[in-house]
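Undergrad: Submitted below is the structure of interest, expressed as structure tokens.
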Amino acid sequence: MPLDDFTTSAPLTMGVELELQLLDTLDLDLTPRAEDLLRLLQRHSGAWDVKPEITRSMIEIGTSVHRAHAPLRDELHDLCQQLSRGARKLNLCIGGGGTHPFQHWSEQQIFPSDRFHYISELYGYLAKQFTVFGQHVHIGVPSGDDALWLLHALSRYVPHFIALSASSPYVQGEDTGFHSARLNSVFAFPLAGRAPFVLGWDDFGLYFDKMTATGVVQSMKDFYWDIRPKPEFGTIELRVCDTPLTVDKAAALACYLQSLCRYLREERPFEPEEDDYMVYTFNRFQACRFGLDGEVVNPKTHERVKLRDDIMRTLARVAEHALDLQATAATDHIRDSLFGGNDASWLRECRRGGMSMPALVEASSARWMM
Amino acid sequence: MASSVTPQLNILPDAPALHWFTAPLDVDPVLGLALAMLIAVVVANALHRLLRLPRLVSHMLVGALASPPALGLLQRTDLDLWKPLIDLAIAVLVFELGSRLRPRWLLDNRWLALSCMLEALFAAAAAGTALVAMGAPLAAAVLAAAVAASTSPIIVIASVHDLRPRGQVSERLMMMCAMNSVLAMLAIKVWPLLGLAGQGTLVNDTWRWASSALFVFCGSFLLGLAGGWVLDWASRLSRHPASLSVLQLSLVMLSATLASYWALSPLLTLLIAGVTARSLMGQRLTVETGLGSAGAALTVLLFVCMGLLFTIDGWLQLWPWVLVLIGARFAGKALAVALLAWPSGLGWRQALALALALQPMSSLAVLLVLADFGWSSQLPGADATLLQALLVAGTLMQLSGPLWVQFALQRVAGECPKEPSHATG
């Protein structure tokens with residue numbers, strides 16, 4: 001199958017996808033009820049979309065296209081309210097967080113669809129271990145060339161989004177020591193990681209053709225890259241964020257990305273290079289492992305800096321762009337979370353206070369539901 | 001059985017070892033029941049491996065085989081001695097059922113609340129109307145209808161232990177089962193009023209029975225609330241995790257005993273105690289009672305005893321009554337569930353599964369208002385023929401109950417995890 005033409009879309013428009021946990025109200029474990037909730041939400045009144053994910057204990061919601069923070073946040077609130085109402089009707093809880101703290105992967109059931117059965121057969125147990133929950137943010141770009149330039153320019157900032165959104169310290173009942181353990185599950189997939197350093201859409205098409213000729217991939221969906229172009233939407237898609245514990249945080253992260261993209265596109269502070277990726281996996285690891293306290297290396301200057309400080313500096317650089325995009329409330333939210341800590345820190349704080357794992361899930365679900 | 005063996009053993013009267021051997025065959029009720037339980041466990045596991053037969057069915061079958069109409073290993077009157085332990089087994093399961101319920105769900109989903117009421121009412125109305133149409137006396141038909149409204153909470157919760165389902169159908173099943181059992185219990189409490197119809201004292205008696213029912217309802221409710229609160233309070237004082245199951249068991253015994261002592265409803269008391277404990281303690285309350293092997297033994301004992309109480313006496317004469325009762329009950333429950341399936345958020349296949357899973361019939365509502373297992377002696381005025389038909393229907397629907405639930409939850413609703421192939425039970 002050849003690569004789709006890149007659809008033109010308005011620059012810096014944005015949309016958010018969130019993968020959410022379906023929880024049993026009794027023991028707060030994951031529960032395979034996606035079909036029930038999807039059936040109930042068929043006639044919802046919003047412009048947003050809700051669809052299944054790989055296992056039956058997950059759903060994915062997607063907002064409509066937005067230009068500014070306030071309408072995006074309002075739509076996420078509406079979505080959250082309707083989803084919560086539907087969930088309560090079915091005796092369910094819904095929660096954010098990048099991983100469920102104590103679910104067992106082998107108990108998960110693959111959602112009955114051709115695509116998910118294909119993935120399950122191809123990847124075996126990895127498919128069930130992929131019961132992890134992420135936030136994807138789409139940013140509109142006018143052309144394929146623009147998409148690839150922005151994709152590679154953003155690679156330096158990937159650790160920001162990992163650390164800010166990190167909400168998956170617990171896996172299978174244990175504290176992993178990571179702030180975002182979710183990405184370790186994603187990294188197990190053979191086509192995960194970063195996109196090849198190609199800056200032209202035609203060259204990218206050649207790469208795609210070679211890959212499809214090997215039979216390894218069939219479509220762009222088979223690439224589990226941290227950032228990937230989405231030609232049918234005319235966007236690039238950032239996929240490294242854990243699903244936050246609140247929709248306000250989800251909206252703030254999306255608008256921080258939008259402001260950053262505007263800064264990169266309009267000021268062109270540097271040109272992306274292949275060498276940027278020399279420190280990419282190190283920086284990524286630091287963000288996953290230590291969150292905002294991680295240290296990242298600047299690929300140009302080789303300077304080491306705390307992620308928290310790097311984000312502070314970046315917020316200062318994008319401030320004007322955030323103002324123009326009406327996203328200052330979002331960047332303020334991000335700034336506050338630098339001092340208040342990310343969701344992983346909140347979860348650990350609760351555990352230190354003596355909360356059991358189910359009580360922890362109940363408390364984090366209470367933050368998500370409205 | 002014992003008498004047929006003993007003369008042969010007397011051939012060697014001086015052999016001390018054989019004297020020792022003859023003693024157990026005198027079938028002491030305790031040893032007889034212990035033996036029945038042992039056989040029940042072994043047989044249940046074997047049949048489960050070979051035929052996927054629910055273990056609960058095998059437990060009841062072994063009990064039925066040991067009963068007087070079959071091998072006569074045990075007498076039904078033997079069970080009166082065991083009633084406190086059987087009551088405890090029932091109480092533990094009913095408390096657990098309560099602790100699995102979230103009453104707030106009925107407010108979040110009003111259609112579900114209506115569905116819970118209607119399935120009990122439709123089943124009772126269908127069964128009662130059908131029996132009256134066949135010529136049954138009104139009072140007896142109403143009693144049968146009240147029993148027909150309920151689903152066995154014991155079979156439901158024990159099946160849930162066995163199958164470990166997750167989904168809408170199993171959760172609604174537990175909610176409906178609790179609701180219809182309470183409604184049936186209340187109906188049976190006021191049922192004697194019917195027998196007084198036409199008598200001059202009806203007004204006074206109505207007031208007396210209504211106030212009695214109100215006392216039972218409110219008293220049980222308050223006692224259940226107090227029980228749940230005490231468990232929460234005691235568990236905060238005693239933080240050791242191992243002590244929680246002991247506290248739970250003590251609370252269950254205390255609540256059930258007080259309910260009986262004050263002539264309240266142990267069923268309602270324990271359900272409310274479970275619900276209250278869950279809402280106050282949240283995740284501190286373990287879902288299952290945590291009684292481990294003792295809890296499992298109690299469940300086996302309960303189901304063996306249920307088998308012992310089975311009767312199909314008079315089946316050849318009563319089968320039309322029995323079939324009409326079972327059929328009308330099924331139709332009533334299925335109709336109510338189907339009517340409100342869509343607005344309450346249930347798919348058609350799930351609605352079918354729920355209607356099937358609601359079929360295990362319960363004599364629990366009756367048993368818990370009686371002092372022993374002699375139904376007919378304690379329900380004066382009940383038509384003996386219809387009562388026997390009700391008992392036969394109860395026997396059939398209890399014995400087949402775990403099969404209905406397993407088929408519904410596993411095959412139709414698909415809510416049970418696949419069992420590993422090496423499962424040994």
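Every number in this text was worked out from the coordinates using simple rules, so none of it is lab data. Since this is a predicted model, take the numbers as computed values, not measurements. Counting neighbours? That spans all protein chains shown, and the Cβs are built from the backbone with ideal geometry, glycine included.
Undergrad: Compute the distance from the alpha-carbon center of the stretch A:264-327 to that of the stretch B:107-130, in whole Å.
TA: When both Cα centres are located, 62 Å separates them.
Undergrad: Ok, one more. Tell me, in nm to one decimal, what length is gained between A:Leu323 and A:Arg308 on full extension, where the rule is 0.36 nm per residue of separation less the Cα-Cα distance?
TA: Gain in length upon complete extension: 3.2 nm.
Undergrad: What is the packing order of peptides A:208-219, B:253-264, B:144-155, taking the mean over residues of other C-beta atoms within 10 Å and listing the highest first?
TA: B:144-155, B:253-264, A:208-219
Undergrad: Considering only the other residues whose Cβ falls under 15 Å of the Cβ of A:Phe270, what net charge follows from Lys and Arg at +1 and Asp and Glu at -1?
TA: The answer is -3.
Undergrad: Sorted from fewest to most neighbouring beta carbons within 10 Å, what does the list A:Ser168, A:Ser155 look like?
TA: A:Ser155, A:Ser168
Undergrad: Mind checking which of B:Ala341, A:Ser45, A:Leu28 is farthest towards the positive end of the protein assembly as shown's charge dipole, using Cβ charges of +1 (Lys, Arg) and -1 (Asp, Glu) about the Cα centre?
TA: Looking along the dipole axis, the top candidate is B:Ala341.
Undergrad: Highest mean first, how do A:223-230, B:389-396, A:260-267 rank when packing is the count of other Cβ atoms within 10 Å averaged over residues?
TA: Those peptides, ordered most packed to least, come out B:389-396, A:223-230, A:260-267.
Undergrad: Let me ask another. To make sure I understand the rule: partners must be aspartates and glutamates, Cα under 14 Å from the Cα of B:Lys333, and not fewer than 8 residues away in the same chain. Which ones qualify?
TA: Partners within reach: B:Glu119.
Undergrad: Counting DSSP beta bridges with both partners in the protein assembly as shown, what percentage is antiparallel, nearest 5?
TA: Taking every DSSP beta bridge with both residues in the protein assembly as shown, the antiparallel ones total about 90 percent.
Undergrad: What does the helix-only formula give at 222 nm for chain A: each DSSP H stretch with n ≥ 4 adding -39500 (n - 2.57), the total divided by the residues, and the result rounded to the nearest 500 deg cm²/dmol?
TA: -14000 deg cm²/dmol
Undergrad: Okay, next question. Efficiency by 1/(1 + (r/R0)^6): what FRET value for B:Thr311 and B:Arg49, r their Cβ-Cβ distance, R0 = 30 Å, to the nearest 0.05?
TA: Calculated transfer efficiency: 0.50.
Undergrad: Could you estimate the translational diffusion coefficient of the stretch B:29-412 from the Stokes-Einstein equation, with Rh from the Kirkwood formula over C-alpha pairs, at 25 °C and 0.890 mPa s, in whole µm²/s?
TA: Estimated via Stokes-Einstein, D reaches 116 µm²/s.
Undergrad: Going by how many other Cβ atoms sit within 10 Å of their own, how do A:His66, A:His44 line up, fewest first?
TA: A:His44, A:His66
Undergrad: What is the stretch B:119-246 by shape, rounded, prolate or oblate, if you read a ≥ b ≥ c off the alpha carbon gyration tensor as root eigenvalues and call it rounded for a/c under 1.5, prolate for a/b larger than b/c, and oblate otherwise?
TA: Oblate, because a/c is 1.5 or more while a/b does not exceed b/c.
Undergrad: In nm, what is the difference between 0.36 nm times the number of residues separating A:Ser113 and A:Arg268 and their Cα-Cα distance?
TA: So the extension gain works out to 51.5 nm.
Undergrad: Going 7 Å from the Cα of A:Met278 along its beta-carbon direction, which residues of the stretch A:292-307 have the amide nitrogen within less than 15 Å of the resulting point?
TA: A:297-304
Undergrad: Can you classify the stretch B:275-361 as rounded, prolate or oblate using the Cα gyration tensor, where a ≥ b ≥ c are the square roots of its eigenvalues, rounded means a/c under 1.5, and otherwise it's prolate if a/b beats b/c and oblate if not?
TA: Verdict is oblate for the stretch B:275-361.
Undergrad: Could you work out, residue by residue across B:339-351, how many beta carbons of other chains sit within 10 Å of that residue's beta carbon, and then give the average as an integer?
TA: 2
Undergrad: List the pairs from A:Lys221/B:Lys418; A:Lys51/A:Lys128; A:Lys89/A:Lys221; A:Lys51/A:Lys210; A:Lys89/B:Lys189 whose alpha-carbon separation is above 26 Å, in the order I gave them.
TA: Distance filter (> 26 Å) returns A:Lys221/B:Lys418; A:Lys89/A:Lys221; A:Lys51/A:Lys210; A:Lys89/B:Lys189.
Undergrad: Once you order the gyration tensor axes a ≥ b ≥ c over the Cα atoms, which shape class does chain A get: rounded for a/c under 1.5, otherwise prolate or oblate by comparing a/b with b/c?
TA: Judged from the Cα gyration tensor, chain A comes out rounded (a/c under 1.5).
Undergrad: Looking only at other chains, what is the average number of their beta-carbon atoms within 10 angstrom of each beta-carbon in A:91-97?
TA: Counting other chains' Cβ atoms within 10 Å and averaging over A:91-97 gives 2.
Undergrad: Follow-up. Can you give the net charge of the other residues whose Cβ lies under 14 Å from the Cβ of A:Ile59, counting K and R as +1 and D and E as -1?
TA: The answer is -3.
Undergrad: Rounding to the nearest 20 debye, state how big the charge dipole of the stretch B:29-412 is about its Cα centre with +1 on each Lys and Arg Cβ and -1 on each Asp and Glu Cβ.
TA: 1060 debye
Undergrad: Gaussian network model of chain A, Cα springs within a sub-10 Å range: biggest mean-square fluctuation belongs to which of A:Pro244, A:Pro231, A:Pro196?
TA: With Cα springs under 10 Å in chain A, the top fluctuation among A:Pro244, A:Pro231, A:Pro196 is at A:Pro196.
Undergrad: Using just the C-alpha positions of the protein assembly as shown as equal point scatterers, what log10 of I(q)/I(0) does the Debye formula give at each q in 0.04, 0.10 1/Å?
TA: Log-scaled intensity ratios, in q order: -0.23, -1.02.
Undergrad: Provide A:Phe197, A:Phe161 in ascending order of the number of other Cβ atoms located within 10 Å of each residue's Cβ, fewest first.
TA: Ordered from fewest to most neighbouring Cβ atoms within 10 Å, A:Phe197, A:Phe161 come out as A:Phe197, A:Phe161.
Undergrad: For the stretch B:207-222 and the stretch A:176-212, what is the centre-to-centre distance using only Cα atoms, to the nearest Å?
TA: The two parts, judged by their Cα centres, are 69 Å apart.
Undergrad: Highest first, please rank the peptides B:237-250, B:93-106 by the mean number of other Cβ atoms sitting within 10 Å of their residues.
TA: Those peptides, ordered most packed to least, come out B:93-106, B:237-250.
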